[in-house]
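Scroll down for the structure; my scribbles are underneath it.
Bear in mind these aren't lab numbers, they're just calculated from the coordinates by the rules spelled out. All values reported here derive from a predicted model rather than from experimental measurement. Every residue, glycine as well, gets a Cβ built from its backbone with ideal geometry; the counts of neighbours run over all protein chains shown.
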Amino acid sequence: MAFNTKDISKGIVLTELPENIIITKAVAVVNTAFNAATTNVLTVGTNDAADDLLGSDDVTEGTIGAYQKNLFKICKGEKTKIMAKFTSTGDAATTGEAEIYLNVVRIPE
């Protein structure tokens, strides 16, 4: 996702996971630093705020690198949408791009 992805400030669906999954790790790889003047905030999640996997303090958006968070989030009984959101303050960003990766395992039946 990038700073200028359509509707990124509202939250976008990156993918939908199948039923009965456990998310064990979330990774954001910032390939191009986000450069808004005051704050850059990239979050990823399954909730409406899109922040329960990678929250506002988990990624340093202005610095290229890989940011990881170990989790044990059980997503049982229904498909799970993975959302991403990027917001900023001050002068708007003119650069910024990140890739999002999740490690998942299927819940044994």
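The table that follows gives values for the structure above.
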| item | result |
| --- | --- |
| Proxy reagent accessibility, fewest Cβ within 10 Å first, across Asp52, Asp91 | Asp91, Asp52 |
| Partner lysines for Lys76 [C-alpha distance under 18 Å; skip if fewer than 8 residues away on the same chain] | Lys25 |
| Order of Lys73, Lys85, Lys6 under a 10 Å beta carbon neighbour criterion, fewest first | Lys6, Lys73, Lys85 |
| Neighbour-count order for Thr89, Thr60, fewest beta carbons within 10 angstrom listed first | Thr89, Thr60 |
| Around Ile21: net Lys/Arg minus Asp/Glu count, Cβ-Cβ under 15 Å | +1 |
| Estimated FRET transfer efficiency when R0 is 25 angstrom, pair Asn35-Thr15 (beta carbons, to 0.05) | 0.40 |
